[in-house]
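Engineer: Before we start, here is the structure in question, set down as structure tokens.
Bear in mind that the values in this text are calculations on the coordinates, not laboratory data. Just so we're clear, the structure is a prediction, and the values are computed from it rather than from any experiment. Note: ideal-geometry Cβ built from the backbone for every residue, glycine included; neighbour counts use all protein chains shown.
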Amino acid sequence: MLELQPMLSALWRNKVPALLISLQLALTLAIISNIVIIIQERIEKIGRPTGIAVEEIIAINVMAIPQDYDMIGAISADMDLLRKLPLVKDATVTNQVPLSQSGSAGTFYTQPNQKVGGENSNRYNTDPNFINTLGLKLVAGRNFTNTEMQYYDPSEIRDVNVAVITQQFAENIYPGQDPIGKPLYDGDSHPIEIIGVVERHLGAWVDWSKAGNVAFFPIARNTQDINYLVRAEPGKRDEVLKTLVEKLSERDPQRVIKTRILSEYVARSYAGDNLMVKVLSIVAATLSFIVALGIVGLTIFWINQRAKQIGVKRALGATRSNISRYFLVENSLIAVTGIALGSAAALIVNQYMVRDYSQPVLTLVPLSICALLVLVVSLTAALAPALRAANISPATATRSV
Amino acid sequence: MIGYYISLALRSLRSTPILSALMVAAIAVGVGASMTVLTLNYMMSQNALEHKDDVLFAVQLDSWDVNKAYDNANEIPWQLTYKDAQALLRSDIPTHQVAMHRYGFTVELEDSAIRPYTADIRVTTRDFFSLFDVPFIYGGTWEKTADGSPMQVVVLSKATNEKLFSGENSVGKTVVLNSQPFTVIGVIDTWEPSPKIYDVNNSSFAEVESLFVPFGLHRKLEIYSWGNTNGWDSGEEGEGYEGFLQSESVWIQFWVELSDSEQKAGYESFLTAYIQGQKDQGRFERPLKFALSKPSEWLVLNEVLSDDNRVLGWVSLAFLLVCVINAVALLLAKFLRKAPEAGVRRALGASRNAIFTQHLIESSTIGILGGIAGILLAFMGISGIRYLAMGQLDTVARIDWVMVAAAIGLALIASLLAGLYPAWRISRTNPSIYLKTQ
Amino acid sequence: MLKMHNVRKSFRTDTIETHALRDFSLEVKEGEFVSVTGPSGSGKTTFLNIAGLLETPTGGQYLLDSEDVSNLNDRQRSRLRNEKIGFIFQGFNLIPDLNLFDNIDVPLRYRGFNAKERRKRIEKVLEQVGLSARAKHLPAQLSGGQQQRVAIARALAGEPRFLLADEPTGNLDSLMARQVMELLEFINEWGTTIVMVTHDPELARRAHRNIQIVDGQVCDLRTLTEQPEAATA
Ligand SMILES: Nc1ncnc2c1ncn2[C@@H]1O[C@H](COP(=O)(O)OP(=O)(O)O)[C@@H](O)[C@H]1O
Ligand SMILES: [Mg+2]
């Protein structure tokens, strides 16, 4: 019924075109399965919760023009001004902009004067309004207070006494323990008490292996430039943005003020990943399309070449579905060969991808899904020509080609 | 004869418009995708200092934590501490040497309508311009004393000079930086190395800074770095700004020009001796290690061409390969369908070569059309990438003539390769079997 | 003109070896009109293919115009085919995409004639076969007999001295077959040597000489006309 034997020998006689299709399907599978896991990884990365209200926040950079500018005085005045603005929920001062790819980090230890075995963390110097401004969720302990704030010159060394940290950092540095009340050391003998834990925040760098390890300290330093974050009422961000530069310059014209919405920082930080996702998706789609077109072309060619045979078979009693089935089974044989080759190639290629280019490991599930996809593409492409073949009239047999 | 083959090729392509379009599209898409990615990778791999690759060296010293190696490929910090940079500057072995870092100032002009703005600054020693071959339009670099003691002089980029002084010779005029007056002593010409080879630590594809000020200003203006500052010994830091300068934080980029191997050997022994001396004073507790990297090596070491770029490069080449195989299959199908015609031609006196050439010309025609369409696609791809990268790749995402030529070449090679087997196959088939009565 | 001595041709497929020609010897003189008959599968087409340099013999000697052509390379063989030999097939084998003019143009192109010369020759042969008015028609627009006349015109355009015809009338009705035969006789009278394979005994008799191929060998020679000298085996 399936005429497998004659089908195989017919294929063998047309082995080069058949092999070329198998090869295309194999390469396609090898490429697509490796692409898909990269895309999947990047989409997961981009989709990680940031822990903050990205869409409602505006970042402001203030740079003083005079060399001996009183930044600390300016911060208090600016904060008063910003927090009183209509449609503004809250504002805070910070040494870095969240998710902006630029910030500060340090290594922290559990023991005084410890030098090895510390845990790296992103560090914010900010004020008590950061929880409300960023939209963080305090899950344990307390926020720091205004009286715990320290304002000082960048060249000064001051000991900081309290910190709020993320849950992830807490679990990494004090695994399985209640972090509240525990000390952090930054290489000397002075303990910094952990007074609060926030649910999560990715921190300044999205690509960092320790992203999510974040510590907040109640510090503002008298630097030449400083960052403010302003959180607007939901949906009012753009309205607030319009007046900010003007209001701040009005209060004190002695600075250069730049604003940018936080979502733009985030988009820029993920631009590389986004580019990979887009480019690789386009590649995967066009690849499938091109291969499908190739299969359509070749199947049509084959069928045209065998139009007479098909007519003869029909004249000898083959039904329409016999004919279509023949071509679909033939196509499946080719596709399965390609998929076998392609799976092997995919796994080999993936080893290099993992070893040399730090890409994710290809597991069986995505590989099987891609293999199935390739089979579906191949069969879909063969379907239309195969159905058309079934329409070849038995009368073709009696006409010479 | 070639004219005859070309007319046959065109006739044949026109007789199967859909199949022809399919093959042209396959080649075009393959070439377009690979050209887009390869252009990007090619531009990212450019070495603006190629002509001085044998004489320029980025200097790294391993002054890092005894407990933990620096976390990069060669386990030496990218940058130097301020005190080590100052010590190296005292050497008279290198032809030129540069200690520098990125910084920012507010910029304004006295009695001017131009609103104050912030600008990227390079704080550097005077040799920056001669070492990196930066051309001047007006004036020149500062005196050597400015590298050691505060002198408020500035070199402007061409664009800054346009903006502040409408492109006139501004040497001698005053620019106000962070409310301090600076005297313009030079204006450089357009100079846009990309990747920004001299500073790949702070985004490799950023623009060149717009102002340059001397290295002797640190103490007077309490200048910190706007690039990375990495420390490991937070406990030891002394009081005040001086404490920061004397700390173990690394933040100074250092380059030297060593004209021959003798000079290089001399400099290497100088570095060895320096590190030994520091070891005696209790610094440099790790095993003695330093590195002098040529610009080309520096680009590789810093992974300016990222893993993602390399992955995209391979993906696009594999993609092109699939497109070529696709074209082979379709061409084979097409040529085999016309095999009887080839048989008749053979019987009428066409040699195998004639048949082969005729079909190869047909596939080359497809290649040329595909190549041209591929270049258009590559232009679209490149602008797509500029858009997706949100301006971060503008300096590298562009096509130059080399790449246009390469694209046409690639398309031709791809289609010739694709046409080779089918054309050979058709020229080999025995004509007699197609002449038989059916 | 043509002399074959002990020519052998065998086809090897995976399972069996077919001996299409065995110790095949034949001589055809300049100006002769030879008809070839024999049962199907006896090797007639194989003989024509070898005579026309489309296939190489497995063994034996083949002299064309006293020149040993057994060991020529493809380029030399193509050149000879182009200059000296014309082919006519049972299936006509016109190129369906090309109109009559361009079909006849094909061998002239490979010959390397200039455009003027080609046009002159094409017009001349079209005139000879009586199809001048249809130069721009495609083969599909002609009847079988007309198609065969175009094929003959194409074979004649290069003014070959040697015309090989493989069942040229096999696909035609008897009236058309006679027309084609008359055309061939006319061509022969002008000096072209013709070898024609046919199943039609009447047509075979009209040739100067008939040879029979059975099982890959020339089996019987009969002189049908008063040719001064019969060919020897
Ligand atoms: N290409 C080929 N491969 C294998 N056998 C062939 C081939 N061509 C011809 N033959 C065999 O050679 C023999 C002679 O064939 P042919 O010359 O075509 O016969 P005729 O033209 O007299 O009918 C037949 O037995 C045929 O099967
Ligand atoms: Mg025959």
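Engineer: Let me spell out the model: positive unit charges on the Cβ of Lys and Arg, negative unit charges on the Cβ of Asp and Glu, origin at the Cα centre of chain A. What dipole size does that give, in debye rounded to 20?
Structural biologist: Numbers: 37 positive and 34 negative charges, 622 e Å.
Charge dipole of chain A: 2980 debye, to the nearest 20.
Engineer: Next up: Which of the lysines could be linked to A:LYS242 by a straight reach, that is with a Cα gap under 18 Å, when you skip same-chain ones fewer than 8 residues away?
Structural biologist: Excluding near neighbours in sequence, the set is A:LYS84, A:LYS89, A:LYS258.
Engineer: Can you tell me, using C-alpha contacts under 8 Å and at least 6 residues apart, the relative contact order of the range A:1-153 as a whole percent?
Structural biologist: Details: 95 pairs, mean separation 29.1, N = 153.
Across the range A:1-153, relative contact order equals 19 percent.
Engineer: So who's got an amide H within less than 5 Å of the one on A:LYS182, skipping anything under 5 residues away but keeping other chains? H placed 1.01 Å off N, in plane.
Structural biologist: Correct list: A:ILE194.
Engineer: Another one. Tell me the Rg and the Dmax, in Å, that the Cα atoms of the range B:50-301 produce.
Structural biologist: Cα only, the range B:50-301: 18.4, 57 Å (Rg, Dmax).
Engineer: Pick out which of A:ALA307, A:ALA64, A:ALA382 has the largest mean-square fluctuation in a Gaussian network model of chain A, springs linking Cα atoms closer than 10 Å.
Structural biologist: A:ALA307
Engineer: For the range C:2-231, place one equal point scatterer on every Cα, skip the solvent, and apply the Debye formula. What is log10 of I(q)/I(0) at q = 0.10, 0.12 Å⁻¹?
Structural biologist: Values, matching the q order: -0.46, -0.66.
Engineer: Of B:ILE114, B:ILE375, B:ILE366, which is the most mobile in a GNM of chain B whose springs link Cα atoms less than 10 angstrom apart?
Structural biologist: Of the options given, B:ILE114 has the highest mean-square fluctuation.
Engineer: Run the quick spin-label model on A:GLU264 and A:TRP208: label points 7 Å from Cα toward the beta carbon, then report their separation in nm to one decimal.
Structural biologist: Using points 7 Å along Cα→Cβ, the separation is 2.4 nm.
Engineer: At R0 = 35 Å, how high is the FRET efficiency between A:GLU233 and A:ASP70 if r is their beta carbon distance? Nearest 0.05 is fine. Spell out each step's value before the answer.
Structural biologist: Details: r = 31 Å, r/R0 = 0.89.
For A:GLU233 and A:ASP70, the calculated efficiency is 0.65.
Engineer: FRET efficiency for C:CYS219 and C:LYS136, Cβ-Cβ distance as r, R0 = 35 Å, nearest 0.05? Intermediate results must be reported in sequence, preceding the final value.
Structural biologist: Details: r = 47 Å, r/R0 = 1.34.
It comes out at approximately 0.15.
Engineer: Relative contact order of chain A: what whole-number percent is it, with Cα pairs under 8 angstrom and at least 6 residues apart? Walk me through the numbers before you get to the answer.
Structural biologist: Numbers: 691 pairs, mean separation 109.4, N = 401.
Result for chain A is 27 percent.
Engineer: Straight-line reach only, C-alpha to C-alpha below 18 angstrom: list the lysines that C:LYS116 could link to, leaving out same-chain residues fewer than 8 apart.
Structural biologist: C:LYS124, C:LYS136
Engineer: Also, I was wondering about something else. Residue-wise, which Karplus ³J(HN,Hα) couplings in Hz belong to the range B:401-416, taking 6.51 cos²θ - 1.76 cosθ + 1.60, θ = phi - 60°, and x for glycine or proline?
Structural biologist: Residue by residue, the range B:401-416 yields 5, 4, 6, 4, 4, 4, 5, 5, x, 4, 4, 5, 4, 4, 6, 5 Hz.
Engineer: For the range B:166-175, take each phi angle, set θ = phi - 60°, evaluate the Karplus expression 6.51 cos²θ - 1.76 cosθ + 1.60, and give the result in whole Hz per residue in order, putting x for glycine and proline.
Structural biologist: 6, x, 6, 5, 9, 4, x, 7, 10, 10
Engineer: Then there's this: Considering only the protein assembly as shown, what is the antiparallel percent among its DSSP beta bridges, to the nearest 5? Before the final figure, lay out each step's value.
Structural biologist: Details: 88 of 127 bridges.
Antiparallel bridges make up about 70 percent of those DSSP assigns within the protein assembly as shown.
Engineer: Could you calculate, for the protein assembly as shown, the ratio of the Cα radius of gyration to the Kirkwood radius, expressed as Rg to Rh? Intermediate values should be presented prior to the final figure.
Structural biologist: Values: Rg = 42.0 Å, Rh = 36.1 Å.
Dividing the radius of gyration by the Kirkwood radius yields 1.17.
Engineer: Let me ask something else. Which percent of Cα-Cα pairs in the range A:256-305 sits in each 10 Å bin, short to long?
Structural biologist: 21, 24, 19, 15, 11, 7, 3, 1
Engineer: Mind telling me which of B:ASP147, B:ASP199, B:ASP308 comes out most flexible in a GNM of chain B, alpha-carbon contacts under 10 Å?
Structural biologist: For chain B, modelled as a Gaussian network with Cα springs under 10 Å, the answer is B:ASP308.
Engineer: In whole angstrom, how far apart do the alpha carbon centroids of the range A:239-278 and the range C:149-215 sit?
Structural biologist: If we compute the Cα centre of each part, the gap is 91 Å.
Engineer: Enter the mean number of other protein chain beta carbons within 10 Å of the beta carbon of each residue in B:328-340, as an integer.
Structural biologist: Details: counts 6, 14, 7, 0, 6, 12, 2, 0, 5, 3, 3, 0, 5.
That works out to 5 on average.
Engineer: Relative contact order of the range B:196-285, please, whole-number percent, based on alpha carbon pairs below 8 angstrom and at least 6 residues apart. Write down the numbers at each step before the final one.
Structural biologist: On the way: 46 pairs, mean separation 15.7, N = 90.
Dividing the mean separation by the residue count of the range B:196-285 yields 17 percent.
Engineer: Let me ask something additional. Would you kindly state how much longer the chain becomes between A:GLU148 and A:GLU199 on full extension, computed as 0.36 nm times their sequence separation minus their alpha carbon distance, in nm to one decimal? It would help to have the intermediate numbers written out before the result.
Structural biologist: Numbers: separation 51, 0.36 × 51 = 18.36 nm, distance 2.19 nm.
Stretched fully, the A:GLU148-A:GLU199 segment lengthens by 16.2 nm.
Engineer: Going Cα to Cα from A:LYS115, which lysines come in below 29 Å? Please leave out same-chain ones fewer than 8 positions away.
Structural biologist: A:LYS182, A:LYS210, B:LYS68, B:LYS83, B:LYS279, B:LYS289
Engineer: Then there is this: Based on the Cα atoms of chain B, what semi-axes does the equivalent ellipsoid have, where each is the square root of 5 times one gyration tensor eigenvalue, given in whole Å with the largest first? Intermediate results must be reported in sequence, preceding the final value.
Structural biologist: On the way: eigenvalues 732, 133, 62 Å².
With the √(5λ) rule applied to chain B, the semi-axes are 61, 26, 18 Å.
Engineer: Let me ask you something else. Taking amide H positions as placed 1.01 Å from N in the peptide plane, with prolines and chain starts having none, which residues 5 or more places from C:THR58, or on another chain, fall under 5 Å of its amide H?
Structural biologist: Amide H neighbours of C:THR58: C:ARG8, C:LYS9, C:SER10.
Engineer: Output the pairs from A:LYS15/B:LYS338; A:LYS137/A:LYS247; A:LYS45/A:LYS278; B:LYS334/C:LYS44; A:LYS313/B:LYS334; A:LYS308/B:LYS338 with a Cα-Cα distance over 21 Å in this structure; if there are none, say none. Write out the running numbers ahead of the final one.
Structural biologist: Details: A:LYS15/B:LYS338 18 Å; A:LYS137/A:LYS247 30 Å; A:LYS45/A:LYS278 14 Å; B:LYS334/C:LYS44 32 Å; A:LYS313/B:LYS334 25 Å; A:LYS308/B:LYS338 17 Å.
Violating the 21 Å Cα-Cα cut-off are A:LYS137/A:LYS247; B:LYS334/C:LYS44; A:LYS313/B:LYS334.
Engineer: For B:PRO94, what charge total do you get from the other residues with a beta carbon under 10 Å from its beta carbon, if Lys and Arg give +1 and Asp and Glu give -1? Mind dumping the intermediate values first?
Structural biologist: Numbers: positive: B:LYS264; negative: B:ASP92, B:ASP127, B:GLU257.
Every neighbour counted, the sum reads -2.
Engineer: When averaged across all projection directions, what area in nm² does the alpha-carbon convex hull of the range B:1-145 cover? Walk me through the numbers on the way to the answer.
Structural biologist: Details: hull surface 82.8 nm².
Result: 20.7 nm².
Engineer: Counting only other chains, what is the mean number of Cβ atoms within 10 angstrom of the Cβ of each residue in peptide B:347-360?
Structural biologist: Details: counts 16, 20, 20, 7, 10, 5, 3, 6, 1, 0, 0, 0, 0, 0.
Going residue by residue through B:347-360 and averaging, the value is 6.
Engineer: Let me ask something else about it. What is the average number of partner chain Cβ atoms found within 10 Å of a Cβ in A:283-291?
Structural biologist: On the way: counts 8, 2, 0, 9, 9, 0, 3, 10, 6.
Averaged over the peptide's residues, the number is 5.
Engineer: Which residues' amide hydrogens lie under 5 Å from the amide hydrogen of C:ILE88, considering only partners 5 or more residues apart or on another chain, with H built in the peptide plane?
Structural biologist: For C:ILE88, the qualifying residues are C:LEU164, C:ALA165, C:ASP166.
Engineer: Limiting things to C-alpha atoms, what are the Rg and the maximum Cα-Cα separation (Dmax) for the range A:225-314, in angstroms?
Structural biologist: Final numbers for Rg and Dmax: 29.7, 93 Å.
Engineer: To continue, here is another question. Roughly how many nanometres apart are two label points built 7 Å out from the Cα toward the Cβ at A:GLU171 and C:ARG205?
Structural biologist: My value for the distance between the label points is 10.6 nm.
Engineer: Follow-up question, since we're still on this one. Hull surface divided by four, with the convex hull built on the Cα atoms of the range A:114-266: how many nm²? All intermediate terms of the calculation are to be shown ahead of the outcome.
Structural biologist: Working: hull surface 43.2 nm².
Computed as one quarter of the Cα hull surface, the answer is 10.8 nm².
Engineer: Moving to a separate point now. What FRET efficiency comes out for A:ARG48 versus C:PHE11 if R0 is 60 angstrom and r is the Cβ-Cβ distance? Round to the nearest 0.05. Please report the intermediate quantities before stating the final value.
Structural biologist: Working: r = 70 Å, r/R0 = 1.17.
Here the calculated transfer efficiency is 0.30.
Engineer: Same structure again: Which of the peptides A:216-224, A:362-370 is most tightly packed, and how do the rest follow, judged by the mean count of other Cβ atoms within 10 Å per residue?
Structural biologist: Details: A:216-224: 22.1, A:362-370: 16.2.
Listed from highest to lowest mean packing, they are A:216-224, A:362-370.
Engineer: Could I have the simple spin-label model distance between B:ARG337 and A:ASP178, label points 7 Å from Cα toward Cβ, reported in nm to one decimal?
Structural biologist: Result: 8.0 nm between the two label points.
Engineer: Also: Would you kindly derive the ³J(HN,Hα) couplings of the range B:14-24 from the backbone phi angles with the Karplus curve 6.51 cos²θ - 1.76 cosθ + 1.60 (θ = phi - 60°), listing them in order in whole Hz, with x for Gly and Pro?
Structural biologist: Rounded to whole hertz, the list is 5, 6, 10, x, 5, 4, 4, 4, 4, 5, 4.
Engineer: Moving to a separate point now. If you take all C-alpha pairs in chain A, what percent of them are over 37 Å apart? Present the calculation step by step, with values, prior to reporting the outcome.
Structural biologist: Values: 38358 of 80200 pairs.
Everything past 37 Å amounts to 48 percent.
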